[in-house]
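The values are calculated or read from the model by the stated rules, or taken from the named source; none is laboratory data. Given the structure is predicted, the values throughout are model-derived calculations rather than measurements. Here the Cβ positions follow ideal geometry from the backbone for every residue, glycine too, while neighbour counts run over all protein chains shown. Keep in mind that these areas ignore ligands, DNA and RNA; they rest on the heavy atoms of the full protein, side chains included. Shrake-Rupley method; radii C 1.70, N 1.55, O 1.52, S 1.80 Å.
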Amino acid sequence: MNIRMIGYGRLAKALASQWVKTHRVMVSSPSQIHACLENGIETRNCNLKDLEDADVIILAVKPAKLTEVMIELSAVIPKDTLIISLAAGVTLAHLKNICPTHLPIIRAMPNINAQVQASATLLLKDNPLSQKHMQIVETLFLSLGSIDWALNDDALDIGTILAGSGPAYVFYLMEALQQSAMHLGMSEDLAKKLIVQTFLGSAKLAHEKDICFQDFIAQVASPQGTTAAALEVMKSQEIPKSLDKAIQAAWQRILSLRA
Ligand SMILES: NC(=O)c1ccc[n+]([C@@H]2O[C@H](COP(=O)([O-])OP(=O)(O)OC[C@H]3O[C@@H](n4cnc5c(N)ncnc54)[C@H](OP(=O)(O)O)[C@@H]3O)[C@@H](O)[C@H]2O)c1
């Protein structure tokens, strides 16, 4: 498949690093001033180059740049080319407003875990996709991890703050736990190893056993034990309330991106 990416920043690089193993990937962004080959990825010095060869065009620019980019590309994109927008908070209705009517367009929200084929990707379409386009979407995103379809823009945007941004929250918690272990005298490397394996193992357990999170907590926290002591402090510090405030802040940011 020929994949043309417009914008080649943090998320695009994570996706391209996987797609390039089995597909032809062509990218462009303003800092790409020479056409060259980098790790198998073909860079172009202009957004308009090689659009006609593309089976799919991935819009990987910041939401504020999207309209400008679509205006630039509109006249050149061949009819029936599938467009996939990764932009947070930009609704399908807005995308359809800025996109020529003959172009099928969907939203996708993968995350940087795509680099290890462990993305949780949420997708949104409003009209049924042709069989050919559905196959493109499934081939692309199943190669990066799991896929789910959202019912509407709200669901896609909640998925964005949960799973699109999610890896950053997880790494933030990991770093805080690592600091605590180091305060108690553990080496940085060993703390990292134990924390990573614990997150990996907990995710695997939750993935494989259909039990609610509270029941998993109860399996670890015996009364008056060490886990209970830690959980008591977490409760008294109202950690869930802080996390809720953080998610609300992300939601407000998403709403501000909506046109
Ligand atoms: N990073 C994530 O994990 C994540 C999570 C959720 C959603 N997203 C969404 O993914 C999209 C990209 O985010 P990002 O974090 O990857 O952003 P980023 O690292 O800032 O990358 C944006 C890219 O867009 C390029 N660009 C700017 N103007 C352009 C133009 N006129 N034509 C072509 N390319 C242009 C930039 O090029 P130069 O560097 O050359 O200026 C850069 O390569 C955003 O819409 C964001 O909402 C990202």
>> So for the chain, averaging the separation of alpha carbon pairs under 8 Å that are six or more residues apart and normalising by length, what relative contact order in percent results?
In response: 15
>> Under 10 Å, Cα contacts only: if you run a Gaussian network model on the chain, which one of 239, 71, 136 comes out with the highest mean-square fluctuation?
In response: 239
>> In whole percent, and with a 1.4 Å probe on the protein chains, what portion of the accessible area of the chain is carbon and sulfur?
In response: 58
> Using only helices, what value at 222 nm comes out for the chain when you add -39,500 (n - 2.57) per DSSP H run of length 4 or more and divide by the total residues, to the nearest 500 deg cm²/dmol?
Replying inline: -14500 deg cm²/dmol
> Accessible area, 1.4 Å probe, largest first: how do 141, 171, 216, 199 sort?
Replying inline: 171, 199, 216, 141
>> Need the list of lysines near residue 235 for cross-linking: C-alpha distance under 18 angstrom, and skip anything on the same chain fewer than eight residues off.
In response: 245
> For the peptides 175-183, 220-228, what is the packing order when you average, over each peptide's residues, the other Cβ atoms within 10 Å and list the highest mean first?
Replying inline: 175-183, 220-228
>> For the pairs 21/132; 65/96; 62/96, flag any whose C-alpha to C-alpha distance is greater than 19 Å.
In response: 21/132
> Can you tell me the accessible area per residue over region 34-129, all protein chains present, probe 1.4 angstrom, in square angstrom?
Replying inline: 45
> Between residue 218 and residue 127, how many nm apart are label points set 7 Å from Cα along the C-beta direction?
Replying inline: 5.1
>> Please compute the alpha carbon radius of gyration of region 17-84, then divide it by the globular-protein estimate 2.2 N^0.38 Å. Two decimals is fine.
In response: 1.10
> Could you name the lysines in cross-link range of residue 204, using Cα to Cα under 22 Å and dropping any fewer than eight places away on the same chain?
Replying inline: 192, 193
>> Viscosity 0.890 mPa s, temperature 25 °C: give me the Stokes-Einstein translational D for the chain in µm²/s, with Rh taken as the Kirkwood radius over C-alpha pairs.
In response: 120
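Counting only heavy atoms of protein chains, what accessible area per residue, in Å², does region 166-257 have with a probe of 1.4 Å?
Value returned for region 166-257: 82 Å² of accessible area per residue.
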> Under 19 Å Cα-Cα from residue 79, which aspartates and glutamates qualify once same-chain neighbours fewer than 8 residues away are excluded?
Replying inline: 50, 52, 53, 55, 126
> When the solvent-accessible surface of protein heavy atoms is calculated with a 1.4 angstrom probe, in what order do 79, 241 fall, highest first?
Replying inline: 79, 241
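Can you give the convex hull volume per residue for the Cα atoms of region 36-184, as a whole number of Å³?
Per residue, the Cα convex hull of region 36-184 comes to 145 Å³.
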> Within the chain, which DSSP H helices have Cα atoms that stretch 24 Å or more along the helix axis and a mean Kyte-Doolittle hydropathy of at least 0.0?
Replying inline: 166-183, 188-208, 239-257
>> If I stretch the segment between residue 135 and residue 21 completely, what's the gain in nm (0.36 nm per residue apart, minus their alpha carbon distance), one decimal?
In response: 39.2 nm
> In cubic angstrom, how much convex hull volume per residue do the alpha carbon atoms of region 166-257 span?
Replying inline: 134
> Can you list residues whose amide H is under 5 Å from residue 82's amide H, if they're 5+ apart or on another chain and H is modeled 1.01 Å from N?
Replying inline: 57
>> With a 1.4 Å probe and all protein chains kept in place, how much accessible area does residue 148 have, in Å² rounded to the nearest 10?
In response: 90
> Which one of 184, 37, 66 has the biggest mean-square fluctuation once the chain is modelled by GNM with Cα springs under 10 Å?
Replying inline: 184
